[in-house]
1. How would you classify segment 150-203 from its alpha-carbon gyration tensor, with a ≥ b ≥ c the square roots of the eigenvalues: rounded for a/c under 1.5, else prolate if a/b is greater than b/c, otherwise oblate?
2. Please report Ser162, Ser31 as a ranked list, fewest other C-beta atoms within 10 angstrom at the top and most at the bottom.
3. Once you list every other residue whose beta carbon is under 11 Å from the beta carbon of Arg81, what net charge do they have if Lys and Arg are +1 and Asp and Glu are -1?
4. What is the sum of charges, Lys and Arg at +1 and Asp and Glu at -1, for the other residues whose Cβ falls under 13 Å from the Cβ of Leu158?
5. In the Gaussian network model of the chain, springs joining C-alpha atoms below 10 Å, which of Arg190, Arg172, Arg89 carries the largest mean-square fluctuation?
6. How charged is the neighbourhood of Arg124? Take every other residue with its Cβ under 15 Å from the Cβ of Arg124, and add Lys/Arg as +1 and Asp/Glu as -1.
7. So what's the back-of-envelope 222 nm ellipticity for the chain, counting only DSSP H runs of four-plus at -39500 (n - 2.57) apiece and dividing by all residues, rounded to 500?
8. Dipole of the chain, Cα-centred, from +1 at each Lys and Arg C-beta and -1 at each Asp and Glu C-beta, to the nearest 20 debye?
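None of the figures in this text is laboratory data; all of them are computed from the coordinates on show. Since the model is a prediction, treat every value here as computed from it, not as a measurement. All Cβ positions, even for glycine, are placed from backbone atoms using ideal geometry, and neighbour counts span all protein chains on display.
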Amino acid sequence: METIVLLGAPGAGKGTAAARLVSRLGVRHVSSGDLLRGAVKQGTAAGIEADGYMKRGELVPDALIGRIIADLLAAGGPDARYLLDGFPRTVPQAEMLQQVVAAQGGHIRGAVVLDVAEEVLVDRLAGRRVCSKCSAGYHIRTLPPKIADTCDACGAKLVQRSDDNAETVRNRLAVFRRNTEPLIAWYAARKQLARVDGVGGADAVAERVIQALGA
Ligand code: AMP
């Protein structure tokens, strides 16, 4: 099993890049945020536990998201290749991931961080719209759908994520600085990190990620 880790602040473009990397790299896109939003929607025990943290823009407990990811990776079999988007977000989660991957006889191919200045992140999150059905991402100004409020891919309605409001965004960025910046340093210390400029067109950013991975 092979795993690539995509890191970056909220709004850095992880999901947008991941959507383009799936076919280019032959990986399965695993978005921890999408998994959690799905659990909340379905009203599972994990979803009920996660809901309050997500509404406040805080991280859900490591054990909760760790279990979801570990189950998913274990179910994929030895030949599966994953692109993890949004997990890990803390050093303990990264340690957990190392263990899960090692237990499957797999390896981590590398971690790539998308660098984006904070004022750009705030603008991207304020204008972000997502498909209510397939989670495809848009931006009202820089990546609008062909038909207003309608997903190009599946035709469902676009919505604003409930945690993309100004106050929750501020908290999510603070949480990123507090918890995920140290994780980036952790991967760098292990020589597993590549940094990529996350500003520019989605295709260009995805191409930079591919170059950074030496793929
Ligand atoms: P995202 O879609 O990646 O922005 O995640 C949305 C929300 O889900 C975050 O603000 C957290 O509340 C929660 N979440 C997603 N991934 C993780 C993770 N790896 N660890 C803890 N909480 C997470």
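1. Note, shape of segment 150-203 comes out oblate.
2. Fewest-to-most Cβ neighbours within 10 Å comes out as Ser162, Ser31.
3. Taking every other residue near Arg81 into account, the sum is 0.
4. Local net charge: +3.
5. Arg190
6. Net local charge, Arg124 excluded: 0.
7. Here the helix-only value at 222 nm equals -14500 deg cm²/dmol.
8. Charge dipole, the chain, about its Cα centre: 200 debye, nearest 20.
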